[in-house]
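S.K.: Below is a structure I'd like to ask you about.
The values are calculated or read from the model by the stated rules, or taken from the named source; none is laboratory data. Keep in mind it's a predicted model, so treat the numbers as computed, not measured. Note: ideal-geometry Cβ built from the backbone for every residue, glycine included; neighbour counts use all protein chains shown. These accessible areas exclude ligands, DNA and RNA; they are computed on the full protein's heavy atoms, side chains included. Shrake-Rupley method; radii C 1.70, N 1.55, O 1.52, S 1.80 Å.
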Amino acid sequence: PDEDEGVYTLKSDHLILDTPSISIVPEEKKPQNETVTIEEEEETITITPEQQKPETSVQETETVETVVEVEQPKTIQQEMPEHEVEENTTVTLTIEKPQQTATNDVHLFKDGQEVKPSEHIQLTSTSPTTTEVQIIKAKPEDEGEYTVVIDNKEQPLMKLKVHPKPVVRQQMQLPKTQFNEKETLTIVCQFDATPEEPFILLHNDKPIVADSRITTTVEDNKYTIVVKDLRPEEDEGVYTLKSDHLILDTPSISIVPEEKKPQTETEIVEEEETVTVTVNQPETKEVIEEVIEEIKQEPKKKPEMPIQEVEEMSTVTLTIEKPQNTTTKDVVLLKNGEQLKPSDHVKIKSISPTTT
């Protein structure tokens, strides 16, 4: 009595089992000349799986045996809980740990492989007995079964499933989509707030490379593309702002070439892409005067350079008429204002006294 009375407890970090208060009835006192044998008395406590209050029975026999049957909480025996989130959602878990356990002694595992803390997955002590696990902006590759090991004991945390965020594709509205050659194209895309994901700028699905004609600028929530001196074909097509989950396309941009003036040269296209250029030489003073007079009357109508388009690997042949007394060495070929020396690739040869 007194010494063994009271509450008996089984205690772990997350489960405490108390008995009701135990009372002990003293033995009836016998005459002193009798021998009294008192053997150790124990309790029998049975805790049912339903976590009902344990029943206590005390048997006054010579020996009372105590058997304690404790079933672990059902949550430990259940499968790992599943947690489903959308991509880019931050997942936070709070882990309880013994007070003397440091955060460095808490080890996180995914599918059996230890996950080291990083900017993406962070472990932070929030109190002496709790540690917080954060998965910042979860990605589909973060899916898996997560467990934690504390004091060499593994505990299940969750089975994470990440639903990929859908990619949205939209078309931007421009005041016009047809431009003239040499005009300037300006595309400005402004958001209500600074986008969470960065954008890359594309032209026909290829990254835009800035140069003296093409500039790109990013200012907080505004993206700008400027293309000066527009060129047909080269600058035509679709311009795009692309992030991981948002794609913004312009309508297809078309460029109208400048109107070409009549060409005075004669072009003859043969099997090897042969072009004959005839340069009219003045024969008499009278002709020269007529030419000068014609030029004075129409000073702006100078013949433009003829354009010849060929496939790569084609051979281009030009036939030039020249005065009979002019040698091949006196014929100088220029490309973009710079002289081209005859070589195996570019050849200049005389085919008659008046042609090269």
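S.K.: Checking the condition at pLDDT 90 or above, open to solvent by less than 50 Å² (accessible area, probe 1.4 Å) and of a type outside the set (Lys, Arg), which residue from 150, 135, 45, 95 passes?
M.R.: That would be 135, the only listed residue that is at pLDDT 90 or above, open to solvent by less than 50 Å² (accessible area, probe 1.4 Å) and of a type outside the set (Lys, Arg).
S.K.: Go through the residues of segment 156-173 one by one and say whether even a single one is under 30 Å from residue 258 (Cα atoms), in contact (Cβ under 8 Å) with a residue 24 or more places away in the chain and either touching a strand residue (DSSP E or B) at 6+ places or on another chain (Cβ under 9 Å) or not in a loop (DSSP other than H, G, I, E, B) (or both).
M.R.: Checked segment 156-173: at least one residue is under 30 Å from residue 258 (Cα atoms), in contact (Cβ under 8 Å) with a residue 24 or more places away in the chain and either touching a strand residue (DSSP E or B) at 6+ places or on another chain (Cβ under 9 Å) or not in a loop (DSSP other than H, G, I, E, B) (or both).
S.K.: Pull out all pairs, ordered by first then second residue, where Cβ-Cβ is under 7 Å, the residues are six or more apart or on different chains, the first lies in segment 187-204 and is part of a loop (DSSP other than H, G, I, E, B), and the second is exposed (fewer than 12 other Cβ atoms within 10 Å of the Cβ).
M.R.: 194/220
S.K.: A follow-up question, please. Between a residue in segment 109-122 that is within 16 Å of residue 158 (Cβ to Cβ) and among the charged types (D, E, K, R) and any residue that is modelled with pLDDT of 90 or more and open to solvent by less than 60 Å² (accessible area, probe 1.4 Å), which pairs come within a Cβ distance under 6 Å, given they are 6 or more apart or on different chains?
M.R.: 110/144; 110/146; 111/144
S.K.: Which residues, taken from segment 328-338, are modelled with pLDDT under 80 and either among the aliphatic types (A, V, I, L, M) or surrounded by fewer than 10 Cβ atoms within 10 Å (Cβ to Cβ) (or both)?
M.R.: 329, 337
S.K.: Okay, moving on. Quick check, is residue 320 surrounded by 10 or more Cβ atoms within 10 Å (Cβ to Cβ), part of a loop (DSSP other than H, G, I, E, B) and touching a strand residue (DSSP E or B) at 6+ places or on another chain (Cβ under 9 Å)?
M.R.: no
S.K.: Of the conditions (1) among the acidic types (Asp, Glu); (2) at pLDDT 50 or above; (3) over 30 Å from residue 125 (Cβ atoms), residue 62 clears all except one; give me its number.
M.R.: The failed condition is (2).
S.K.: Filter segment 130-155 down to the residues that are within 21 Å of the chain's Cα centre (by Cα) and assigned to a strand (DSSP E or B) and list them by number.
M.R.: 134, 135, 144 - these are the residues of segment 130-155 that are within 21 Å of the chain's Cα centre (by Cα) and assigned to a strand (DSSP E or B).
S.K.: Another question, then. Test residue 190 against the stated conditions and say whether it is in contact with a Pro (Cβ under 9 Å, 6 or more places away or on another chain) and open to solvent by 90 Å² or more (accessible area, probe 1.4 Å).
M.R.: Considered against the rule, which asks whether it is in contact with a Pro (Cβ under 9 Å, 6 or more places away or on another chain) and open to solvent by 90 Å² or more (accessible area, probe 1.4 Å), residue 190 comes out as no.
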